[in-house]
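Q: Once you've had a glance at the structure underneath, I'll fire off some questions.
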Number of protein chains: 2
Amino acid sequence: MTRVGATTAGSRRAVGDMFADIRTSLEGVERRLQEELRSRHDNVDQVVRHGYRLGGKRLRPALLLLAGQATGELTDAHETLAVVVEMIHTATLVHDDVLDEADLRRHVDTVNARWGNETSVLLGDFLFSHAFYLAATVGTAEACQLIGKSTNRVCEGEMQQTLAEGDLSLSEDDYYSIIDAKTAELCACCSELGARFSDADDQTVAALASYGRNLGMAFQIADDLLDLAGDEQATGKSLGRDLAKRKMTLPLIHARDTLVDGPRTSFLALLEQGTQVAATVATLKELGSLDYARGVAQQFAEKAAADLSCLADSPAKATLEHLAAFVVSRQG
Amino acid sequence: MTRVGATTAGSRRAVGDMFADIRTSLEGVERRLQEELRSRHDNVDQVVRHGYRLGGKRLRPALLLLAGQATGELTDAHETLAVVVEMIHTATLVHDDVLDEADLRRHVDTVNARWGNETSVLLGDFLFSHAFYLAATVGTAEACQLIGKSTNRVCEGEMQQTLAEGDLSLSEDDYYSIIDAKTAELCACCSELGARFSDADDQTVAALASYGRNLGMAFQIADDLLDLAGDEQATGKSLGRDLAKRKMTLPLIHARDTLVDGPRTSFLALLEQGTQVAATVATLKELGSLDYARGVAQQFAEKAAADLSCLADSPAKATLEHLAAFVVSRQG
């Protein structure tokens, strides 16, 4: 993977500003993450603490907290569960890095680059099990069930995706099924948990779960677009990683299904190579495939915003609306 | 890893006979495992079902069920939790195989040999999350907390071990600390859960947890001995895998600490090579290091049996006593 130099400080700040209303709770989540990710064995402690630095923009904790605040009052359980979902997300990132053999994530050395794949696998397992332990401390088995079921679908989705690598005939429906499981599922779980632990009624809980799912779909499609047409400086990732793994994403599927005959054969040959980022992106632009994918992401974002119509107006609701717009417009 | 031809049918039968009293429950566990390890996606289903075949002798489910039966009555919760602990154990085996790059486990192709490391990591994660989900279905958060905490210590122990590979100065105490976390912890969790879900009093629960821990210590020391002086046909594993990874086990630590001066330097040079199984074992025999380790395993087995003294006599108690003797005498 190409190393890129700049930081994503600008992008992080934009997200931070958006979450001003829940800043105190998010700071609490950061403190808890730092406290929980420790080991009494020095050498293990170093690895585990590194896990703390690998997390992303804390979108999932924010989603859970905002869903809780938009539907009721935030409790200690919300904060604990926000820590749990971030740990699970980090665990999947750490294991993704083993799979990707990535040596840089968000400008921080990945665990496998520093300590090897063995330690990465184990750190991911540590994060998973610690998350499940914490989820069990909120008093009922409900959170554990929801989180266990969601995480299981995430793993299933990741397996589907891995097994589909190199399958250039992947259908648009199969693509949606994969990103629904690997990304949207955990987002739906976050917003559902937020509402459930605010004692929202079943209809509101379902609306928030739907919001999270649509947001997750929009987020992943936008993420896949960034891999093709993003800014390496802003994302902190090299471009064309999906292409290199011959992983079919929405713009590629659209282009393949738009082309016929010779041009289609040439395009598939380009994908088979997996290295021609500029040439591939040129074709995608020409066929309107990037715009098509942006449009679909936009539709999911609009559905997410519409899911909030049952809620009374509040700053948290406004932020959730803002978040839906942000995930498709973000640059990193 | 060397492929070996024979099956461990004899060893499995010996274990099966020992568990005659809980046969119906163990058969229930097998059925549940087969039912649970499915996916509605065909390609994922194939991987997940393969996970079922990779499990061991079902010692952990048996331990949980026997502890339950020796302290009260078996319930549906016991069966569910027996499935949970076997899934967690299988998850650690699948991830161990990624770490070991082992291509044969119990004469069955490992997942990574068949589908690659990526799929192995994800299958392990699937097994972990499914286990935690199932643990949450028994009604209270207690099982999730206990299992999450134990699994977390298992991961910590495995990390400690991985980070200690190549450290030929590992102390005997550090060795015990590692195997306590990576192996004895989950055994203690099994027997504790068995007793807890039979509504045993706190003292009995603690005694059973101690039994499981001592049993696990005995089991792991015996397992490490089999890697040096076992029978490849009976274990289904090639010898000297720990040596090859320069992983210090009890006989090696004893020999190192017994030798001085030149012979010690020569022995460390032998360990540094990691390939001279016969020469290493000859030295261990000469120094009584294999016998020393066998003696320590025996002591843990005796402590385990003594932990049962608070229980009324019953066939389940007798089997637990028998099990303690078995784990140190087993050949595979």
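The values are calculated or read from the model by the stated rules, or taken from the named source; none is laboratory data. Here the structure is a predicted model, which is why all the values come from computation and not from measurement. Using ideal geometry, Cβ is built from the backbone for each residue, glycine included, and neighbour counts are taken over all protein chains shown.
Q: Can you name the condition, by its number, that B:His95 falls short on among (1) at the interface with chain A (Cβ under 9 Å from one of its Cβ atoms); (2) at pLDDT 90 or above?
A: Going through the list (1) at the interface with chain A (Cβ under 9 Å from one of its Cβ atoms); (2) at pLDDT 90 or above, B:His95 breaks only (2).
Q: Okay, moving on. Condition first: touching a Ser or Thr at 6+ places or on another chain (Cβ under 9 Å) and farther than 20 Å from B:Gln145 by Cβ. Can you find one or more residues in segment B:198-212 that meet it?
A: Yes, because at least one residue in segment B:198-212 is touching a Ser or Thr at 6+ places or on another chain (Cβ under 9 Å) and farther than 20 Å from B:Gln145 by Cβ.
Q: Filter segment A:186-211 for residues that are touching a Lys or Arg at 6+ places or on another chain (Cβ under 7 Å) and surrounded by fewer than 23 Cβ atoms within 10 Å (Cβ to Cβ) and give the result.
A: Correct list: A:Val205 only.
Q: Let me ask something else about it. In segment B:251-290, what count of residues is obtained for those that are closer than 15 Å to B:Ser169 by Cα, in contact with a Ser or Thr (Cβ under 8 Å, 6 or more places away or on another chain) and not β-branched (Val, Ile, Thr)?
A: Summing the residues that are closer than 15 Å to B:Ser169 by Cα, in contact with a Ser or Thr (Cβ under 8 Å, 6 or more places away or on another chain) and not β-branched (Val, Ile, Thr) in segment B:251-290 gives 7.
Q: Separate question: Go through segment B:34-85 and count every residue that is touching a Phe, Trp or Tyr at 6+ places or on another chain (Cβ under 7 Å) and closer than 23 Å to B:Lys317 by Cβ.
A: 6
Q: Continuing with this model, one more query. Kindly indicate whether A:Gly10 is assigned to a loop (DSSP other than H, G, I, E, B), at pLDDT below 90, in contact with a helix residue (DSSP H, G or I) (Cβ under 9 Å, 6 or more places away or on another chain) and of a type outside the set (Ser, Thr, Tyr).
A: Judged against the criteria, A:Gly10 is not a match.
Q: Just to be sure, is B:Asn112 under 28 Å from A:Glu185 (Cα atoms), modelled with pLDDT under 90 and part of a helix (DSSP H, G or I)?
A: Answer is yes for this residue.
Q: Consider A:Leu63 carefully, then state whether it is surrounded by 21 or more Cβ atoms within 10 Å (Cβ to Cβ), closer than 20 Å to A:Asp97 by Cα and at pLDDT 85 or above.
A: Answer is no for this residue.
Q: I'd like to check which helices (runs of 4 or more DSSP H) are fully inside segment B:237-293 and have at least 3 residues that are among the hydrophobic types (A, V, I, L, M, F, W, C).
A: Counting at least 3 such residues, we get B:250-258, B:261-273, B:277-286.
Q: Another question, then. So which of A:Ser150, A:Ser129 is at pLDDT 95 or above and assigned to a helix (DSSP H, G or I)?
A: From the options A:Ser150, A:Ser129, the qualifying one is A:Ser150.
Q: May I ask you to list pairs of residues, at least six apart or on different chains, whose Cβ atoms are under 8 Å apart, with the first in segment B:263-280 being on the phi > 0 side of the Ramachandran plot and the second being charged (D, E, K, R)?
A: Final answer for the pair search is B:Gly274/B:Lys245; B:Gly274/B:Arg246.
Q: Here is a further query. Go through segment A:164-178 and give me each residue that's assigned to a helix (DSSP H, G or I), under 19 Å from B:Leu122 (Cα atoms) and more than 10 Å from chain B (Cβ to nearest Cβ).
A: Matches in segment A:164-178: A:Tyr175 only.
Q: Could you identify the single residue in B:Ser171, B:Ser210 that is touching a helix residue (DSSP H, G or I) at 6+ places or on another chain (Cβ under 9 Å) and under 27 Å from B:Leu320 (Cα atoms)?
A: B:Ser210
Q: Is it true that A:Thr235 is within 18 Å of the chain's Cα centre (by Cα) and among the hydroxyl-bearing types (Ser, Thr, Tyr)?
A: So A:Thr235 passes the test.
Q: Under 7 Å between Cβ atoms, at least 6 apart or on separate chains: pull out the pairs that start in segment A:33-58 with a residue that is without any contact (Cβ under 8 Å) to a residue 40 or more places away in the chain and assigned to a helix (DSSP H, G or I) and end on any residue that is crowded, with 19+ Cβ neighbours inside 10 Å and of a type in the set (A, V, I, L, M).
A: Cβ pairs passing all conditions: A:Asn43/B:Leu163; A:Val44/B:Met159; A:Val44/B:Leu163; A:Arg49/A:Leu37; A:Tyr52/A:Leu33; A:Tyr52/A:Leu37.
Q: Can you find, within segment A:133-147, the residue that is surrounded by the most Cβ atoms within 10 Å (Cβ to Cβ) among those that are touching a residue at least 40 places away in the same chain (Cβ under 8 Å) and part of a helix (DSSP H, G or I)?
A: Checking each candidate, the answer is A:Ala135.
Q: Within segment B:144-163, track down each residue that is over 12 Å from A:Ser129 (Cα atoms) and more than 8 Å from chain A (Cβ to nearest Cβ).
A: Step one: filter segment B:144-163 for residues over 12 Å from A:Ser129 (Cα atoms), giving B:157-163.
The answer is B:Gly157, B:Gln161.
Q: How many residues are modelled with pLDDT under 95 and among the polar types (S, T, N, Q) when one looks only at segment A:76-92?
A: Residues that pass the stated criteria total 2.
Q: Looking at B:Thr319, is it surrounded by 14 or more Cβ atoms within 10 Å (Cβ to Cβ), in contact (Cβ under 8 Å) with a residue 24 or more places away in the chain and under 25 Å from B:Val260 (Cα atoms)?
A: For B:Thr319, the condition - surrounded by 14 or more Cβ atoms within 10 Å (Cβ to Cβ), in contact (Cβ under 8 Å) with a residue 24 or more places away in the chain and under 25 Å from B:Val260 (Cα atoms) - is not met.
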